[in-house]
Amino acid sequence: MNTLPPLPADMPDHALHSAYRKTAWRIIPLLMVCYLVAYLDRVNVGFAKLQMLDDLKFSEAVYGLGAGVFFVGYLMFEIPSNIALHKYGARRWIARIMMSWGLLSAAMMFVETPMSFYLLRFLIGIAEAGFFPGIIFYLTTWFPSHRRGVMISLFIAALPISSMLGSLISGLIMQTLDGVAGYAGWQWLFVIEGLPAVALGAAVFFLLRDRIADARWLSPEEKRGMQAALDREARAKAHHSVRDGLLNPKIWLLGAVYFCLVLGQYVISFWMPTIIRNSGVAEPWAIGVLSAIPYSVAAVSMVLVGRSSDRVREYRWHLAICAFIGAGGVVFGTLFGASLWLSMLGLTIGTAAMISSLPVFWGMPTAVVGGAAAAAGIALINSLGNVAGFFSTIVVGWLTQLTGNTQAAMYFMAGALVLGGLLGLSVSRTRSVPIVEMKTVS
């Protein structure tokens, strides 16, 4: 195992900037692709639903429970998985996560009964548990606070890109491969979009490094300079135990904020294709193209919002305004649901705003805890947020089946976004830095 020599005097700014730039180019693109595939495998069931329900005679309630049970497995294993990543290293653990969820996602093509649907979605949730908070924690071991906000924004930018590309690809697969070799389009969808995660897991194992000391692309001087920057911030913070990360009231408040934001995010992800179809669009490819529009706008808006919040070092109002605009967009799109273009305008504004709140949100939690509590605290917040994934799909499925349309569900989601914005404003303003470094335990 490599070790670092004693810390030197500060490196020149241009030399340290070069080291961070090389590191970002080495790890961020790979992490973005991994998150792109992860999110695609999580929400492609929303597109599969367009054919799957008719083929398998599933009700809206069955679909809602199956889509949501993913989050039960995810929640149960989120914190243990992130602690394991902290213990065994990101390279091995993230590779394990990706390979297991890729194989299980591909196995969705064999679903025949509601029980097999529930079981596979539950297992996929277990397999993927810890991936997102693990990456957030992993970035804290490479970048200090004043550089990490941009890195997190770039990583999370994979979410709207995934939704945009996934909409186009999923619609194309379902329309062109339906009936090929005797399999339905939704079956091809799962296998084609699931197997790339296995290959990416292997890439992670061979290309990622667990810490600065192991980075072969950095010179010894660059390694020392980057580690010195992290250690200076670590010495300025009190250290915390795993227990502190799990019991801190601010962690639970942030988890409640994230719950509301994620609820809105997943209602859109799982139900947008259905909303567009209900507006009069029938072809899967056309639905895919229209579904990509809101995410295309979101990919731009989240970067602009992230830069604005970092520049002024203000996060609460940026988050709240995004949540409020997201709620307004959803309500507008619902009120004018009979018009495809007005509905799309509302969905686009609402989706872009709610997704833009996510990188702003993740600029807040890591200021709360440090030391060994970091992995557990981030995982707990993400777990609390992802309860919303289960809750939202169950409630939306029930409301849709009860009322015969998605209007009540959309108003419910808008209310959750407003609540999330208000809770975000209640977070303490005692820390105004974008993200504060957390010390890792060797």
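At a glance:
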read-out: Added length on full extension, which subtracts the Cα-Cα distance from 0.36 nm per residue, TRP398 to ALA202; value: 66.6 nm
read-out: VAL300-HIS17 FRET efficiency (beta carbon distance; Förster radius 22 Å; 0.05 resolution); value: 0.30
read-out: Protection-proxy order for peptides 255-266, 322-333, each taking the mean of Cβ atoms within 10 Å per residue, highest first; value: 255-266, 322-333
read-out: Where labels lie 7 Å past Cα in the beta-carbon direction, separation of LEU425 and ALA338 in nm; value: 3.5 nm
read-out: Pair ARG311, LEU168: separation of 7 Å Cα→Cβ label points (nm); value: 2.9 nm
read-out: Exposure proxy order (Cβ contacts within 10 Å, fewest to most) of MET364, MET354, MET99; value: MET99, MET364, MET354
read-out: Extension gain (nm, one decimal) between ARG216 and ASP55, 0.36 nm per residue minus Cα-Cα; value: 52.8 nm
read-out: Derived scalar couplings ³J(HN,Hα) [segment 343-354; Karplus, 6.51 cos²θ - 1.76 cosθ + 1.60; whole Hz; x for Gly, Pro]; value: 4, 5, 4, x, 4, 5, 4, x, 5, 4, 5, 5
read-out: Peptides 167-177, 393-403, 17-27 ordered by average Cβ neighbours within 10 Å, highest first; value: 167-177, 393-403, 17-27
read-out: In sequence order, calculated HN-Hα J values of segment 299-305 (Karplus, 6.51, -1.76, 1.60; Hz; x Gly/Pro); value: 4, 7, 5, 5, 5, 5, 5
read-out: 3J(HN,Hα) from dihedral phi, segment 65-79, Karplus parametrisation 6.51/-1.76/1.60, rounded to Hz, x for glycine, proline; value: 5, x, 5, x, 5, 3, 6, 5, x, 4, 5, 4, 10, 4, 5
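Values in this text are rule-based calculations from the coordinates and carry no lab data. Just so we're clear, the structure is a prediction, and the values are computed from it rather than from any experiment. Cβ coordinates were reconstructed from backbone atoms using ideal geometry, including for glycine residues, and neighbour counts include every protein chain displayed.
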